[in-house]
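To keep things clear, I will list the structure first and then write my remarks on it.
The values are calculated or read from the model by the stated rules, or taken from the named source; none is laboratory data. Owing to the predicted nature of the structure, the values given are computational and were not obtained by experimental measurement. Counting neighbours? That spans all protein chains shown, and the Cβs are built from the backbone with ideal geometry, glycine included. The protein model used for the area step is the full one, side chains on, heavy atoms only, and it has no ligands, DNA or RNA in it. Shrake-Rupley method; radii C 1.70, N 1.55, O 1.52, S 1.80 Å.
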Amino acid sequence: MSRLSRPHLLLGVLLFAVIAAWPLAKFLLLFPQDQWQVDVQVYREGGISVLQGRDIYAQMTQPPQLLPFTYPPIAAFLSVPLAFVPFTVAAWAWSITQLLANVAIVWIAWYRVRERVGVWAPVLVGVVAAGFLWTQPVGDGIRFAQVNAFLVLMCLLDLRRPRPAWLLKVPPGMLVGMAMAIKLTPGVFVIHYLLNKRWREAGWAIGTATFVSVAAWLVLPQASFAFWGGALSDPTRLGPNDGSANQAFRATLLRRGLEGSELTLAWAPWLLVMGSIVFWVARRAYRQGDWVAESAAVGLSGFLLSPVSWVHHLHWIMVIVPAILGWALTRSPVDRRRVGAAAVVVAWFVCTMPFWGVLWKREGRDPRWFGDLLVEGNVIGSVVVLALLAWAVHRTDRERARETPVVEGDPAPRVSA
């Protein structure tokens with residue numbers, strides 16, 4: 001679509017404001033001040049530390065949060081602009097920019113429906129972007145002022161096919177490398193590139209991340225030694241690993257009382273099985289030319305395989321849902337199974353099961369096991385999402401087999417616009 005209709009654009013903005021009103025008011029206007037936009041405070045303290053020559057990884061935010069800086073040194077360097085303005089200004093600017101990033105994610109990942117509705121595209125994007133704020137992963141991004149929206153957008157742009165004209169001069173893999181330099185979890189995309197022998201993209205990703213990290217080392221040598229030599233290997237800096245907010249499978253094992261070698265032996269099979277499945281799904285999506293499903297699967301792998309996974313790390317839900325939908329909403333009749341599967345994902349993460357579980361146990365309700373089950377709600381949810389994404393990718397294979405025979409082993413995937 002070459003031109004936006006002003007009335008439809010204004011209607012999209014209006015509907016976004018109406019639908020997003022409650023989650024935004026809850027997190028930006030009504031939230032307790034001592035918990036308001038706490039991660040921007042972390043980033044800002046990192047920027048202040050760079051300017052003042054303080055030890056970046058020894059500084060903590062103000063009580064009662066007392067949060068340390070946990071990102072690589074380049075992230076502290078990029079946070080310097082936040083140090084030049086008051087915290088309130090930085091927090092509001094961060095929130096507005098994050099909302100714009102969410103809109104961009106929807107615009108890109110929902111391209112199938114967006115192109116189908118024509119001039120109604122701004123309305124679609126406004127409604128969908130606002131609707132996702134009601135889910136816990138995206139809502140918590142606003143609540144804590146997280147960085148995940150920007151990382152998802154960077155990785156999604158890097159895998160987008162075909163690349164728009166303004167992105168053609170950026171080599172594939174470079175944006176993933178930049179995201180990986182800022183936060184290590186996008187490194188799962190390098191694993192995906194290597195497994196599929198996409199040496200050029202892997203090389204650009206690794207090279208970019210290395211170049212940025214070395215540059216940060218030259219500018220901030222003490223901080224780099226502190227991070228790569230100690231802070232990186234200390235997962236306790238991220239918070240209590242066995243708390244209900246950590247929805248990694250490793251946290252489930254910690255909550256069951258496992259530690260040391262027992263923990264490692266119990267976690268290793270999970271990594272092997274989940275890693276094999278999720279990267280297989282990503283490979284199938286890549287061979288189909290479905291870059292949305294490919295991005296969704298690799299992004300999901302970061303949540304499944306990380307030792308620490310907060311629910312806002314699953315910001316990839318904004319890409320996972322359209323990946324499951326595929327072309328369902330653009331065909332007649334509508335593929336109700338795909339729509340139902342996507343609805344399950346949204347409904348699951350609108351619920352805040354871990355917090356329900358904490359309340360259930362705190363109030364001493366019976367049966368106790370049900371409270372424990374709720375606490376693991378997003379761990380279970382991540383497996384459900386993987387199963388539905390695998391089903392959707394398999395369904396795409398079947399759909400395409402009916403339309404045009406797929407030659408197994410053909411290294412050139414069909415590319416979707």
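Return the pairs, sorted by first residue and then second, in which the second residue is among the β-branched types (Val, Ile, Thr), the first residue lies in segment 344-365 and is more than 13 Å from ASN378 (Cβ to Cβ), the beta carbons are less than 8 Å apart, and the residues are 6+ apart or on different chains.
VAL344/VAL384; VAL346/THR135; VAL346/ILE317; VAL346/VAL321; LYS361/VAL375
Given segment 282-381, what helices (runs of 4 or more DSSP H) lie entirely inside it while holding 2 or more residues that are open to solvent by 10 Å² or more (accessible area, probe 1.4 Å)?
291-305, 336-350, 353-362, 368-375
Out of curiosity, is LEU271 in a helix (DSSP H, G or I), out of contact with any Ser or Thr (no Cβ under 9 Å at 6 or more places or on another chain), open to solvent by less than 40 Å² (accessible area, probe 1.4 Å) and within 21 Å of ASN241 (Cβ to Cβ)?
No.
Among the residues of segment 303-335, count how many are under 19 Å from VAL188 (Cβ atoms) and without any contact (Cβ under 8 Å) to a residue 24 or more places away in the chain.
Residues flagged as under 19 Å from VAL188 (Cβ atoms) and without any contact (Cβ under 8 Å) to a residue 24 or more places away in the chain within segment 303-335 amount to 0.
Considering only helices (runs of 4 or more DSSP H) fully contained in segment 38-95, which possess at least 2 residues that are within 18 Å of GLY141 (Cβ to Cβ), open to solvent by less than 20 Å² (accessible area, probe 1.4 Å) and modelled with pLDDT of 90 or more?
38-52
Do the conditions hold for ILE105, that is, is it crowded, with 23+ Cβ neighbours inside 10 Å and either touching a Cys at 6+ places or on another chain (Cβ under 6 Å) or assigned to a helix (DSSP H, G or I) (or both)?
The answer is yes for ILE105.
Pairs under 7 Å by beta carbon, first residue over 19 Å from LEU15 (Cα atoms) in segment 88-104, partner open to solvent by 10 Å² or more (accessible area, probe 1.4 Å) and charged (D, E, K, R), six or more apart or different chains?
ALA90/ARG44
Please determine, by comparing only the residues of segment 51-68 that are of a type outside the set (A, V, I, L, M) and within 15 Å of GLY229 (Cβ to Cβ), which one is nearest to the chain's Cα centre (by Cα).
Within segment 51-68, the match that is nearest to the chain's Cα centre (by Cα) is TYR57.
Looking only at segment 143-175, how many residues end up being under 13 Å from the mean Cα position of the chain (by Cα) and of a type in the set (A, V, I, L, M, F, W, C)?
9
Go through (1) in a loop (DSSP other than H, G, I, E, B); (2) among the polar types (S, T, N, Q); (3) more than 15 Å from PRO307 (Cβ to Cβ) for ASN241 and report which single condition fails.
Only one criterion in (1) in a loop (DSSP other than H, G, I, E, B); (2) among the polar types (S, T, N, Q); (3) more than 15 Å from PRO307 (Cβ to Cβ) is unmet by ASN241, namely (3).
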